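> Encoded as structure tokens, here's the structure I'll be asking about.
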């Protein structure tokens, strides 16, 4: 069953920032400092928050290849690379 769609409007600042409406922050468990993945789609910009709630929901969905690094190590490496990019 598809959930009904609710819409709202936002504004972009001169720095490209937006404020996500409170009802959406509550619905998707977005807290101060939450990161998001931004993707360009044929319909526009898709913003997917990466929250503890979303990670816990997905736990166990991805199978690791035999001999692959543990996900925690891979994630830590990703975070190090992300910080290095932000510092540039």
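The values are calculated or read from the model by the stated rules, or taken from the named source; none is laboratory data. Quick caveat, the model's predicted, so the values are computed rather than measured. Please note: Cβ atoms are built from the backbone with ideal geometry, for glycine as well, and neighbour counts cover all protein chains shown.
> Please determine, by comparing only the residues of the stretch 57-74 that are surrounded by 10 or more Cβ atoms within 10 Å (Cβ to Cβ) and more than 26 Å from residue 29 (Cα to Cα), which one is modelled with the lowest pLDDT.
Filtering first and then ranking leaves 64.
> Out of 37, 30, which single residue is within 24 Å of residue 79 (Cα to Cα), touching a strand residue (DSSP E or B) at 6+ places or on another chain (Cβ under 8 Å) and either touching a residue at least 24 places away in the same chain (Cβ under 8 Å) or exposed (fewer than 10 other Cβ atoms within 10 Å of the Cβ) (or both)?
Exactly one residue qualifies, and that residue is 37.
> Of all residues in the stretch 12-29, how many are closer than 12 Å to residue 49 by Cα and not in a helix (DSSP H, G or I)?
Selection size over the stretch 12-29: 3.
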